[in-house]
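Here is the structure we will look at.
The values are calculated or read from the model by the stated rules, or taken from the named source; none is laboratory data. Given the structure is predicted, the values throughout are model-derived calculations rather than measurements. Here the Cβ positions follow ideal geometry from the backbone for every residue, glycine too, while neighbour counts run over all protein chains shown.
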């Protein structure tokens, strides 16, 4: 034990030294960049805007930035996006070929970013070091049952722990039932399996756009189910009180339109907290959406994967599972996973809670393709069970770091007069960079995105989320402050002084 | 460390005590059963048959057993198999309903067996206690990269280790390339992804029958690809030298027949070593099958999941990867996984090796649905890397135990004059129990299977493997000897003295 403690101490010291070297190096880079930047931009330290929705009036400085940008965008050479045509493989089936050649923008960005990342040692999330839990000795435990074929819905000990966990953190009025929990290897797998079991391949699912774009592949690749978008706009209309607001009226209109197109809509997907908007629905909103769905006999898949990442105590997250009496419990299915909030996407653990026994039974059949290793299930039990650590250490510290990084980023956006949605949930800010586009087109948006990516900054562009108006970007702020500063300065220098590229 | 060692010692002692109690209990049960059995059967200790293929002449004792059996079968009440009609769920899609209601015989047997198992503490495989490797302290290691989205083909460190491992154990003439390795969560997932990428939903795959029946679901559930069987018969015909022999002629005939039926055959699946036959193909046979496939531009998926379980040194396993110059390397894809040989089906790790870059790229796209946790990938690296332990401890001891259990079982089968295939690979013996069927029909075969299952003995019947002649059963022998004895005596008593049921 002492040996282990000493080794741990050495590792910590080493990490500290490495972090310091990294900071020093970045500080030198930053100083260099700041000097270049300030010499070209003059003294632009604007006072921060204080409006909550922050759609600021254009300032003079911005003219310089936006008129310089198109040149910068033009310097970007043709990239992967344009190279994917007509490479039909004679060895693969039609769908094999389409799977192979398919690449969403989010995926392309992620791949390119990671293929040539600024710093391979970086820790891209704000969460506490994950090793503090997963490397505990009590995580190394193997029972014979863990190594045999499991119940494909998950080992009962994990189903029980998940039910307890969701009961507590979703504030369920009565304890949730373990047998309604299905565990799979990630929420992508859960979406795929839900699409396959609730829809036939000619059916479609309603989803308000913008939305986390990977869901298109999740329901489409294996299950060949299509999404029908409910477009939300940046400019509030009618009774809207905020940009990109979802209302029952918009749902009704889209459903009518889909029916006119001959589509058979079987379900509605809601993201709450919303990715990329950061919106958190009130209980009244939630109930109205669920009642809309009930009226049209639509299933509702509610993805609550960011439920623990509401970082401002004034905002309250309302889980569907907290509602007292669901309008249509047999058609309401709630998803959660550990990828986001515990910063462990590589652990591959997603789950769905549904009172519909038929659905649970059908998912069980597909579980064979989406199984989670027994020892991993055990580790997740230990993690979810450790309420002392969760409540007194992990969650408060995680929220604190989210708040801190978010504050930093919104202050920077205000200084730059970049409009954005001021929300308090998730890892991202939805910001309007359209003023940097030469023309308000999706082609220009893609050029800007490529420019950032070329310089190792990954900001996902709106079209990756099927946003209807060009120029919106999702800015992930869950990184260390000095990294955010570096990223920002790189971004700034490239949208403002292309001559230095 | 000392504390840990003491705890380990305590655990071992406790396990030993429990095992002893278990043995004593089973001994009492056995004595009881043996008394009953000997009083009803008289003295039937026959001398063992010595023929290798063992198709023995019927003995008198057998008449008693077979004439009594049908009564026993009749006493079995209707079971799950008959209860699955017309429970169409209004909540699910057509395919969701068919997925939900679908249950292969192997799955039904497994579920029923485990729902009411003779002894929950049993360790159903012969392999060394798995914990001896997976519970080593060096298995508990987390790097930040393990917790982030991985390369969906597998972490490069695992791809490298798998390539080295397969190069060595498959006796590849040159080192295999890590970039040709795709790792997924189990071989079921690999089959599903291969079917989706090589075939469109109207295509079909050739597979010699009998075969491991779950492959039907593997390629069918998500990917809606059908299997076209190449029927093999128990009676050798033409130039056959053994029962159920696969020949190029049979492949050619089935392919012609499939074309006549309008089927578009895209691939051939080979199981080597074969499940359930235990056959191991010679290099000449393998090459002839691969050349047949090349001539017809068929992909060949070779499942070598039992490659390390050839337990008789006189038999040599010949991996496709050992061949010097594959006839059609772009259409030859080899599968392996840890579920069987390391007795860890619950770890969910399967893989495919293919030189076809297009295929690897397409599989990468589906990898998102079949991801393996980073820490599990690391554990598998450690396991595969430990050649000293593998070569000097695990593999010899595993082969020894397989040999011992196999010898016991074939001696028992000989005593009972039950014909069987005498092979030296895999965990099972393919045996002909048709003499216990009232009529040689699949309905009677199913009755016999239900009778065994009702009494907590799981022998999988031939129709679960799409065998063309009724009465064949797959007997898994990889259990402790005293368990096998108990299972045998239960089986015997129920096929011989139904009055005691």
Is at least one residue of the range A:469-478 assigned by TED's automatic domain parsing to the domain that holds residue A:111, surrounded by fewer than 19 Cβ atoms within 10 Å (Cβ to Cβ) and at positive phi?
no
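A quick yes/no check of all residues on (1) more than 25 Å from residue B:362 (Cα to Cα); (2) within 20 Å of the chain's Cα centre (by Cα):
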| position | (1), (2) |
| --- | --- |
| A:194 | no, yes |
| A:199 | no, no |
| A:203 | no, no |
| A:215 | no, yes |
| A:220 | no, yes |
| A:238 | yes, no |
| A:253 | yes, no |
Only unsatisfied item for residue A:469, checking (1) more than 16 Å from the chain's Cα centre (by Cα); (2) assigned to a helix (DSSP H, G or I); (3) at pLDDT 90 or above, is (2)
Can you find even one residue in the range B:491-498 that is modelled with pLDDT of 90 or more and in contact with a helix residue (DSSP H, G or I) (Cβ under 8 Å, 6 or more places away or on another chain)?
no
For the range A:449-464, how many residues are on the phi < 0 side of the Ramachandran plot and not in a helix (DSSP H, G or I)?
6
Tally time: how many residues in the range B:401-418 are closer than 20 Å to residue B:280 by Cβ and assigned to a loop (DSSP other than H, G, I, E, B)?
0
Determine if the range B:427-448 includes at least one residue that is in contact with a strand residue (DSSP E or B) (Cβ under 8 Å, 6 or more places away or on another chain), part of a helix (DSSP H, G or I), in the same structural domain as residue B:403 (by TED's automatic domain parsing) and touching a residue at least 60 places away in the same chain (Cβ under 8 Å).
yes
Test result for residue A:157, touching a strand residue (DSSP E or B) at 6+ places or on another chain (Cβ under 7 Å) and closer than 21 Å to residue A:348 by Cα:
no
Take the residues in the range A:307-360 that are within 14 Å of another protein chain (Cβ to nearest Cβ) and on the phi > 0 side of the Ramachandran plot; name whichever of them is modelled with the lowest pLDDT.
A:343
Scanning the range B:449-468 for residues that are touching a strand residue (DSSP E or B) at 6+ places or on another chain (Cβ under 8 Å) and surrounded by fewer than 22 Cβ atoms within 10 Å (Cβ to Cβ) gives B:458, B:459, B:466, B:468
Looking only at the range B:361-375, count every residue that is surrounded by fewer than 24 Cβ atoms within 10 Å (Cβ to Cβ), within 7 Å of chain A (Cβ to nearest Cβ) and under 11 Å from residue B:185 (Cα atoms) and tell me the total.
1
When you check residue B:388 against the structure, is it facing chain A (nearest Cβ under 7 Å), at pLDDT 90 or above, part of a helix (DSSP H, G or I) and surrounded by fewer than 21 Cβ atoms within 10 Å (Cβ to Cβ), yes or no?
no
Result of the Cβ filter at 6 Å on the range A:87-106, keeping first residues that are more than 30 Å from residue A:451 (Cα to Cα) and partners that are in a loop (DSSP other than H, G, I, E, B), at least 6 apart or interchain, is A:91/B:356; A:93/B:199; A:93/B:200; A:94/B:200; A:95/B:200
Selection count where residues are under 11 Å from the mean Cα position of the chain (by Cα) and either free of Cβ contacts under 8 Å to residues at least 12 places away in the same chain or not in a loop (DSSP other than H, G, I, E, B) (or both), scope the range A:266-302
1
Is it fair to say residue A:352 is in the same structural domain as residue A:369 (by TED's automatic domain parsing), under 28 Å from residue A:184 (Cβ atoms) and without any contact (Cβ under 8 Å) to a residue 60 or more places away in the chain?
no
Of those in the range B:182-235 that are in a loop (DSSP other than H, G, I, E, B) and within 21 Å of residue B:354 (Cα to Cα), the residue farthest from the other protein chains (Cβ to nearest Cβ) is B:225
Tell me, please, whether a residue that is surrounded by 21 or more Cβ atoms within 10 Å (Cβ to Cβ), under 18 Å from the mean Cα position of the chain (by Cα) and outside the structural domain of residue A:275 (by TED's automatic domain parsing) can be found in the range A:484-501.
no
